[in-house]
Amino acid sequence: AMCTYQRPADAARSLAALAAQDLRPELVVVVDNGSDPGTRASVISSPLSVRYVDPGANLGPAGGFHRALRELVEADDDDVVLFLDDDDPLPDDPTLVASLRDRLRADDEGGRLAGVALRGGALDERTGIVASRPGTGEGLVGADHLHGCAFPLYRVGPLRRTDAFDPALFWGFEELAAGRRLLDDGYELGVDAELLAPLVEDREKFRRSGPTRRLAAPSWRHYYRHRNLLRVLRRERAWRAIATTVVVRLLAKPLVHLPVQPRRAWWHLRTNLAAIRAGLGAERRMTADSAHRPT
């Protein structure tokens, strides 16, 4: 399953990389959040069996993957589904998807292992910080969610039973919300360090990056990231983490930078207040006229 937004060349490149894998998919569902004719043309020309879906609105990755799962009506619960980003093609190793599939099945005792990926993370319910969990040594390392850019492979059954991907999140921490739903239902998730190791030097996204104290450049992603993190924390009743996130990261941080970066600090403060209000207030589904919808 893949979501794409007005990047036909990237979508075609990702599909080509998927076609180069030894394990070819029975069906690829591509949800085009951009309703782009160029994307449609590049997708349907793929040698793979592709189902192109135009939802008519930008659903974001959360809504797009939720819609893609609805298209897998022919899949059995024990079938597997790989989630791809359109601008993040699979590496040149043609055995990667088969290796992920084999690891998922080999380590699945009692049907509780719902998914594996090259990288995942864990939420600290005291601080609200989501720490990366790349795994170490041999075998799988447990995580409470799998990173979307790390080629997560799930069994279809657990995703269906938990309705894992929440379309109301639109973008940001949708994998965290999905993972927490799976864990709450008794499933497990694993990170495969052995498969990750050969790719660390070639892919910058897999290298460790420490936290930054600087204010990020303004972006629509900032609002969604913090809104969704607060939504996840509220659902988990992680009140201490909510307090820490709001006071330290969303209020104090921009105020500290106000004397040296006044314009950026004010933007962060206004955006953070909007994220706090939406993250801790009543949840509403994303619609075509929703506030803060990116264009």
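Taking the 1.4 Å solvent-accessible surface of the chain as the whole, the part contributed by carbon and sulfur is 50%. Rounded if a/c is under 1.5, else prolate if a/b beats b/c, else oblate: with a ≥ b ≥ c from the C-alpha gyration tensor eigenvalues square-rooted, which is the stretch 1-77? The shape class here is oblate.
Classified by the C-alpha gyration tensor, the stretch 1-148 has a prolate form. Its axis ratio a/c, with a ≥ b ≥ c, is 1.5 or above, and a/b is larger than b/c. Counting only DSSP beta bridges with both residues in the stretch 1-151, what percent are antiparallel, rounded to the nearest 5? In the stretch 1-151, approximately 40 percent of DSSP beta bridges are antiparallel ones. Per residue, the accessible area of the chain comes to 49 Å² when a 1.4 Å probe rolls over the protein heavy atoms. The phi-based Karplus calculation (6.51 cos²θ - 1.76 cosθ + 1.60; θ = phi - 60°) puts the 3J(HN,Hα) values of the stretch 4-9 at 9, 9, 6, 9, x, 5 Hz, whole numbers, x for Gly and Pro. From its DSSP helices (H runs of at least four residues, each -39,500 (n - 2.57)), the chain gives a residue-normalised ellipticity at 222 nm of -11000 deg cm²/dmol.
Place the peptides 185-194, 141-150 in order of packing, highest mean first, counting for every residue the other Cβ atoms within 10 Å and averaging per peptide.
Details: 185-194: 20.1, 141-150: 22.1.
So the peptides 185-194, 141-150, ranked by packing, come out 141-150, 185-194.
Put a dot 7 Å past the Cα of LEU280, heading toward its Cβ, do the same for ALA106, and the two dots end up 4.8 nm apart. Estimated at the nearest 10 Å², the accessible area of TRP267 is 60 Å² with a 1.4 Å probe. Packing-based ranking of 88-99, 113-124 yields 113-124, 88-99, ordered from highest to lowest mean Cβ neighbour count within 10 Å. Top mean-square fluctuation among SER219, SER35, SER14, Gaussian network model of the chain, C-alpha springs under 10 Å? Of the options given, SER219 has the highest mean-square fluctuation. Across the stretch 44-135, C-alpha contacts under 8 Å between residues 6 or more apart give a mean separation that, scaled by the residue count, equals a relative contact order of 12 percent.
Rounded to the nearest 5, what % of the DSSP beta bridges within the chain are antiparallel ones? Don't skip to the answer; put the middle values down first.
On the way: 15 of 28 bridges.
Taking every DSSP beta bridge with both residues in the chain, the antiparallel ones total about 55 percent.
Judged by the gyration tensor of its Cα atoms, with axes a ≥ b ≥ c, the stretch 86-179 is rounded; a/c sits under the 1.5 cut.
Structural descriptor for the chain: relative contact order 17 percent, calculated from alpha carbon pairs under 8 angstrom and at least 6 residues apart. Backbone amide hydrogens, once placed in the peptide plane, bring GLY120 within less than 5 Å of ARG133, HIS147, excluding anything fewer than 5 places away on its chain. What FRET efficiency, computed as 1/(1 + (r/R0)^6) with R0 = 51 Å and r the Cβ-Cβ distance, is obtained for GLU194 and ALA217, rounded to the nearest 0.05? Efficiency for this residue pair is about 0.90.
The values are calculated or read from the model by the stated rules, or taken from the named source; none is laboratory data. Predicted model only: the values in this text are computed from it and were never measured. Here Cβ is always computed from backbone atoms with ideal geometry, including for glycine, and neighbour counts include all displayed protein chains. Note: accessible area is taken over every heavy atom of the protein model, side chains too, but ligands, DNA and RNA are not part of it. Shrake-Rupley method; radii C 1.70, N 1.55, O 1.52, S 1.80 Å.
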